[in-house]
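The values are calculated or read from the model by the stated rules, or taken from the named source; none is laboratory data. Bear in mind that the values here come from a model prediction, so they are computed numbers and not experimental data. Cβ: placed from backbone, ideal geometry, glycine included. Neighbour counts: every protein chain shown.
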Amino acid sequence: MKNLNILINELNLLSSIGPKQAQRLAIEFVKNKEENLKKLDKISKLLNEINFCNICKTFYENDNCDNCELKSELIYIVENLNDYFKIKDSYKNQEFKIFNLNFNRKNDYLNNDYLNKVILRLEKMLKSNSDILKISFLTPPSLESEIIIRVFQKELIKIFPTRKFLFSKIKLGVPKDLNISYLNIETMKYVFDNQEDI
Ligand SMILES: [Zn+2]
């Protein structure tokens with residue numbers, strides 16, 4: 001079954017879908033073909049409408065990234081997309097300018113090449129947003145996070161020597177190694193509203 005195998009392979013290429021799951025999905029697709037073709041058609045239309053920004057690593061639906069274009073003197077740095085969605089869900093009526101580190105593994109904190117790319121993205125964002133003066137790290141309090149904040153502070157002061165950034169981070173005392181995306185909304189708000197300057 002050449003085409004079925006190709007379909008399984010394609011589904012397997014979607015991240016977080018394992019080979020067994022891909023096989024089950026392929027079978028399901030073929031079994032209810034009519035219905036699933038309609039769904040897939042809808043998915044492909046939606047995919048064309050949604051974009052992923054190369055600078056802030058968040059989503060946008062218009063020609064340009066709303067988050068990158070949002071005028072704000074404050075920017076929140078989040079660990080990954082889970083945290084981005086958590087903030088979006090917790091504060092539905094508020095607009096925040098967000099920069100996604102896109103750290104999905106602990107290792108990403110320690111990988112120098114990866115870090116340099118992230119700093120380059122942040123540099124681009126800060127260059128095209130001269131209003132930003134406050135940089136707030138919403139990374140969970142941990143040793144890795146402390147190191148990252150220091151590296152970023154040092155690099156940004158080097159890149160922008162005349163811009164006097166104010167840095168803040170989640171207060172210590174908030175449970176160590178907490179994962180923002182697992183918190184309930186009330187706790188999230190507490191963490192978000194209780195930050196300390198660095
Ligand atoms: Zn953007």
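Listed here are the strands (runs of 3 or more DSSP E) enclosed by the range 109-198 that have at least 3 residues being modelled with pLDDT of 80 or more: 134-137, 166-170. Among the residues making up the range 77-109, those that are surrounded by 14 or more Cβ atoms within 10 Å (Cβ to Cβ) and among the basic types (Lys, Arg) are 86, 88, 97. Here the range 112-163 is the region considered, the condition is being among the hydroxyl-bearing types (Ser, Thr, Tyr) and surrounded by fewer than 18 Cβ atoms within 10 Å (Cβ to Cβ), and the residue that is nearest to the ligand (Cβ to nearest atom) is 128. Cβ-Cβ contacts under 7 Å between residues 6 or more apart (or on different chains), taken from a first residue in the range 1-17 that is assigned by TED's automatic domain parsing to the domain that holds residue 36 to a second residue that is polar (S, T, N, Q) and crowded, with 16+ Cβ neighbours inside 10 Å, are listed as 8/23.
Results for (1) within 16 Å of the ligand (Cβ to nearest atom); (2) within 15 Å of residue 151 (Cα to Cα); (3) without any contact (Cβ under 8 Å) to a residue 12 or more places away in the chain, shown as yes or no for each residue.
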site: 71; (1), (2), (3): yes, no, no
site: 77; (1), (2), (3): yes, yes, no
site: 80; (1), (2), (3): yes, no, no
site: 88; (1), (2), (3): yes, no, yes
site: 98; (1), (2), (3): yes, no, no
site: 110; (1), (2), (3): no, yes, no
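When we screen 69, 79, 73 for residues that are of a type in the set (D, E, K, R), assigned by TED's automatic domain parsing to the domain that holds residue 154 and within 22 Å of residue 184 (Cα to Cα), the only hit is 79.
Can we say residue 67 is modelled with pLDDT of 95 or more and loosely packed, with under 14 Cβ neighbours inside 10 Å?
For residue 67, the condition - modelled with pLDDT of 95 or more and loosely packed, with under 14 Cβ neighbours inside 10 Å - is not met.
Can you find, within the range 46-58, the residue that is farthest from residue 114 (Cα to Cα) among those that are within 12 Å of the ligand (Cβ to nearest atom) and surrounded by fewer than 17 Cβ atoms within 10 Å (Cβ to Cβ)? That would be 51.
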